[in-house]
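Okay, structure first, notes after.
No lab work stands behind these numbers, since they all come straight from the coordinates. All of these numbers come straight from a predicted model, not from anything done at the bench. Counting neighbours? That spans all protein chains shown, and the Cβs are built from the backbone with ideal geometry, glycine included.
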Amino acid sequence: MTTTAGRKPPTQDEVLGYFDTLSNWGRWGDDDELGTLNHITDDVRLAAARAVRHGRSLSCAWDVAVPDDMERSTNCCPYAVEMPGAEDIPTPGFQNDRRWGFSNERLALMFHGNTITHVDSPCHIFWDGKTYNGRPHSLVDTETGSAWAAVTAAANGITTRGVLLDVAKVRDVPWLEPGQGVYPEDLEEAERRQGVQVRPGDAVLLRTGGGRVRHEGGEAGGVSQAGWHVSCLPWLHERGVALIGADTPQDVQPSGYEDVMMPVHAVSLVAMGLWLLDNCDLEACAETAAELGQWDFHLAVAPVRFAGTSGSPVNPIATF
């Protein structure tokens, strides 16, 4: 199996071998739920703070569209007026101030998928009945959620140096076409051209141009999409990367492997404990990086502390 660029990706047996050769099980102890976030030490966070050289801050997320039939409510008058019988209920004084009102929404959303910017925690994927660090998938219960490696493992936030690798720019195209994968050679060429080098503890954000496609009216994700090729994982493992993100749902699709539909997701989350940041909007980040000539920045990702969940919608903030 050879790509149009002449590259020869690893065989399926070699990819399946990644579950062993790239495994971090036990590396940080048998009870570890953080996985590669352990690479983000205090020194790494201090170095990330030094990446702020201009003070310019921007979002790397998409707006979350809400359904037309979402439950909303507004109240511009005190409860004693709006609710029948409420005049007989003792109420705090502020509720009798007719200047006071509120709006409210009840939200329900599925954040995994191809549109919402979100983080995947290690319990999101199982392989051979196991999750990260060898725990059984039975620790994830449909009623109570996950008792292992849920998103709350990152409750203190993910604060580190972010590095944007603009592979679309490297290939001199507006965007990668669906089905085109990104390889280690692309990553190293982006480093060389941008004058930046990925270090242990970094978050690496991959621009394929998928965000530009969406901004210009294209669909997000799909059966075929650009993204990381699984052959990048040994490179990321060797560099000690803490988190990866992309402006697509990560994996190039189709993956080219019959038995591993989403190998980047599977090997990253289960074997490596490598957290994933899916569906970023990296257009403003890329424009700012090019304008400033700076491809590293302080990155802050704060998952919502949803107990027992396999991820969370997030708004990653890059500060240059």
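Select from 188, 283, 258 the residue whose mean-square fluctuation is largest in a Gaussian network model of the chain (Cα-Cα springs shorter than 10 Å). Most flexible of the set in this elastic network: 258. Counting other Cβ atoms within 10 Å as a rough exposure proxy, the listed residues 228, 295, 175 run 175, 295, 228 from fewest neighbours to most.
Only helices enter the 222 nm calculation for the chain: every DSSP H run of n ≥ 4 contributes -39,500 (n - 2.57), and dividing by all residues gives -5000 deg cm²/dmol, rounded to 500. Taken one residue at a time, the phi angles of segment 305-320 give Karplus couplings (6.51, -1.76, 1.60, θ = phi - 60°) of 7, 6, 4, x, 9, 8, x, 6, x, 9, 10, x, 10, 9, 10, 8 Hz. Gly and Pro are set to x. Mean separation of Cα pairs under 8 Å and 6 or more residues apart, divided by the residue count, gives the chain a relative contact order of 30 percent.
Residue order for 257, 18, fewest other beta carbons within 10 angstrom first, comes to 257, 18. Beta bridges per DSSP, both residues in the chain: antiparallel share near 65 percent. Can you work out the FRET efficiency for the pair residue 58 and residue 307, with r the C-beta to C-beta distance and R0 = 45 Å, to the nearest 0.05? That gives a FRET efficiency of 0.90. Under 20 °C and 1.002 mPa s, how fast does the chain diffuse according to Stokes-Einstein, given a Kirkwood radius computed over C-alpha pairs? Answer in µm²/s, whole number. Value of D from the Cα-based Kirkwood radius: 102 µm²/s. Computed from point charges on the beta carbon alone (+1 for Lys and Arg, -1 for Asp and Glu), the dipole magnitude for the chain about its Cα centre is near 900 Debye.
Using only the Cα atoms of segment 243-320, build the gyration tensor, take square roots of its eigenvalues as a ≥ b ≥ c, and label the shape rounded, prolate or oblate: rounded if a/c is under 1.5, else prolate if a/b is larger than b/c, else oblate. It is oblate, given that a/c is not under 1.5 and a/b is not larger than b/c. Here the peptides 49-56, 110-117 are ranked by packing, the mean other Cβ count within 10 Å, and the order with the highest first is 110-117, 49-56.
Using the Karplus relation 6.51 cos²θ - 1.76 cosθ + 1.60 with θ = phi - 60°, the per-residue 3J(HN,Hα) values for segment 160-165 come to 7, 7, x, 10, 9, 10 Hz, with x marking Gly and Pro. For segment 161-177, list residues with backbone N below 16 Å from a point placed 7 Å from the Cα of residue 193 toward its Cβ? Answer for this model: 164-177.
With θ taken as phi - 60° and the Karplus curve 6.51 cos²θ - 1.76 cosθ + 1.60 applied, the whole-hertz 3J(HN,Hα) list for segment 234-244 is x, 5, 5, 5, 5, 6, x, 5, 8, 7, 10 Hz, x standing for glycine and proline.
Here segment 227-283 is assigned +1 on the Cβ of each Lys and Arg and -1 on the Cβ of each Asp and Glu. Its dipole about the Cα centre then comes out at about 240 debye. When the chain is described by a simple charge dipole with +1 on each Lys and Arg Cβ and -1 on each Asp and Glu Cβ, the residue from 315, 180, 230 located farthest towards its positive end is 315.
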